[in-house]
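This report refers to the structure that appears directly beneath it.
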Amino acid sequence: MLRAQGNVANIIKDVNDTALGAVIYIQRDALNAARELNITLSDTDGQLAIPPKGARINVQIGWADSGLVDKGIFTVDEIEHSGAPDVLTLRARTASLIDTFREVREDSYSNTTLGAIIELIAFKQQLMAGVSDALRNIPVKHIDQTRESDAAFLRRLGKKYDAAATVKNDTLIFVPAGRSKTASGQDLPVIQITRQLGDNHRFHSAERDSYSGVRVFWYDEKHSMRRSVVAGLPGNSKRLRTTYADEADARTAALAEWGRIQRGTSSFELSLALGIPALMPQSPVTVMGFKAAIDSMDWLASKVTHSIGDAGFTTRIELETRTEEAEVEREDEVDPDPGITGVIAKWRNAVTKKSGQEIAPLTGTGKHVKPLAGATANPKTLQHVYASKQTARRAAQGEWEHIVARRDIIKENNDGRFS
């Protein structure tokens, strides 16, 4: 059942009586197309009136035995009447996204917070503001809105802070992407989907960009040098090209890009024969009955399309991997292992009682493996005693690669000094 109420209630008392079809499309980002509604009504008896543009529709969908779920208020911005047979088609979007959000503006914000910026935009649009606590107090030193609509500016803020903006029930909502929380910080209910509910599915995983973290550089004005922070792990980290003005902006950029990378590694698309009205973007989802690797993942809804028509009530959902907030660490500014030329890892086999030690870096292969020249001059010895020669060798090599990578970053930062 889909019920629409509001300024067009006189022509749509219960869409179930006259609807040929209805589609609600909801996407997490792209504010100007975030929430769309299409309703097609049969007018074969000629009794339907054509509503004015700007008419507001409050949409609720659900099953008769489980009640309706409110999907918010939409504003009609396109009307079409065609025949024969006569059909009335209404296309609507989230209220307030039709005109004012598209107007080009000039604004500048200095020494403020992200929450204050969102609240000011909401005030200008005659909306309430719902800003997540995780984003509200983020400091903003300076940002300009130059010949840019509020919709475009919000999309830019969303990309910078890895957040999602939308309007629902006359409230501008701004929450972290990839988090299953409401603007007030409450956890969204977890929705379970079994294979029996679906008509078809598609799972995709791409490891070609399997970065371990994101490295971002920033300019330290006090010491006239470039420094870096890393979100995730420094090993195979992606480097952003921009050198940011301060450490706070660099940390924000690192977190945002690392969140996007994590969510993009796997995706899962499902078409549900029986629609689930509670599904919406940001909903945490668990799945059962597919492959073990799919079932074990934490999923998050990114796009949801509810359809009601001849085929009944169905839902199509696109999922991405769910992420948790990562730690951002400032990287070393001086070498913590000065003069170290190699790494030694000791091992002892509990069964054979054999023992020994492995060193990195090595050169050669097979029987010709030997320490690289100078490796034993001033080695670092790991404290742990490993259970086999192989694990000791891997540990020594891993620690040496970490030392070399850290030295490369310190050198790169020092080479980026400004006079």
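The values are calculated or read from the model by the stated rules, or taken from the named source; none is laboratory data. These numbers were taken from a predicted model, which means no experiment stands behind them. All Cβ positions, glycine included, derive from the backbone under ideal geometry; neighbour counts span all protein chains shown. When the accessible area is computed, the model is the full protein with side chains, heavy atoms only, and any ligands, DNA or RNA have been set aside. Shrake-Rupley method; radii C 1.70, N 1.55, O 1.52, S 1.80 Å.
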| Relative packing of peptides 71-77, 153-159 - highest average C-beta neighbours within 10 Å first | 71-77, 153-159
| message | What distance in nm lies between label points placed 7 Å from Cα along the C-beta direction at R241 and R105? | response | 3.0
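Output the peptides 249-255, 375-381 sorted from most to least packed, where packing is the average of other Cβ atoms within 10 Å over each peptide's residues. Each step should come with its number before you reach the end.
Working: 249-255: 22.4, 375-381: 15.0.
For the peptides 249-255, 375-381, the packing ranking is 249-255, 375-381.
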| Cα-centred dipole magnitude for the stretch 53-150, charges only on beta-carbon of K, R (+1) and D, E (-1), debye, nearest 20 | 140
| field | the stretch 244-274 versus the stretch 108-152: alpha-carbon centroid distance in Å | value | 21
| task | Let me know the whole percent of all Cα-Cα pairs from the stretch 83-154 that are separated by more than 17 Å. | result | 53
| message | I'd like the FRET efficiency for H223 and N137, computed as 1/(1 + (r/R0)^6) with the beta carbon distance as r and R0 of 25 Å, rounded to 0.05. | response | 0.35
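Considering only Cα-Cα distances, which of the following residue pairs are longer than 22 Å: K71/K291; K367/K389; K159/K411?
Numbers: K71/K291 32 Å; K367/K389 15 Å; K159/K411 31 Å.
From K71/K291; K367/K389; K159/K411, over 22 Å: K71/K291; K159/K411.
Over the stretch 217-292, with the other protein chains present, what is the accessible area per residue in square angstrom, probe 1.4 angstrom?
Heavy-atom SASA per residue in the stretch 217-292 reads 43 Å².
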| message | Need one number: nm distance between label points at D295 and Q126, each 7 Å from Cα along Cα→Cβ, rounded to one decimal. | response | 5.3
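Gain in length, W63 to T194, computed as 0.36 nm per residue apart minus the alpha-carbon separation, to one decimal in nm? Please report the intermediate quantities before stating the final value.
Details: separation 131, 0.36 × 131 = 47.16 nm, distance 1.84 nm.
Length difference between fully extended and current span is 45.3 nm.
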| request: Compute the signed sum of charges (Lys and Arg +1, Asp and Glu -1) over the other residues within less than 12 Å, Cβ to Cβ, of R195. | output: -1
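Between D310 and R406, what is 0.36 nm times their sequence separation minus the Cα-Cα distance? Round to one decimal in nm. Mind showing how you got there, number by number?
Values: separation 96, 0.36 × 96 = 34.56 nm, distance 6.16 nm.
So the extension gain works out to 28.4 nm.
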| Label-point separation (nm) for R147 and K160, each offset 7 Å from Cα along Cα-to-Cβ? | 1.9
| task | Can you tell me how much longer the chain between N38 and Q383 gets when fully stretched, taken as 0.36 nm per residue apart minus their C-alpha distance, in nm with one decimal? | result | 117.6 nm
| note | Given the candidates S307, G275, Y244, the one whose Cα lies deepest towards the positive end of the charge dipole of the stretch 238-309, counting +1 at each Lys or Arg C-beta and -1 at each Asp or Glu C-beta, is Y244
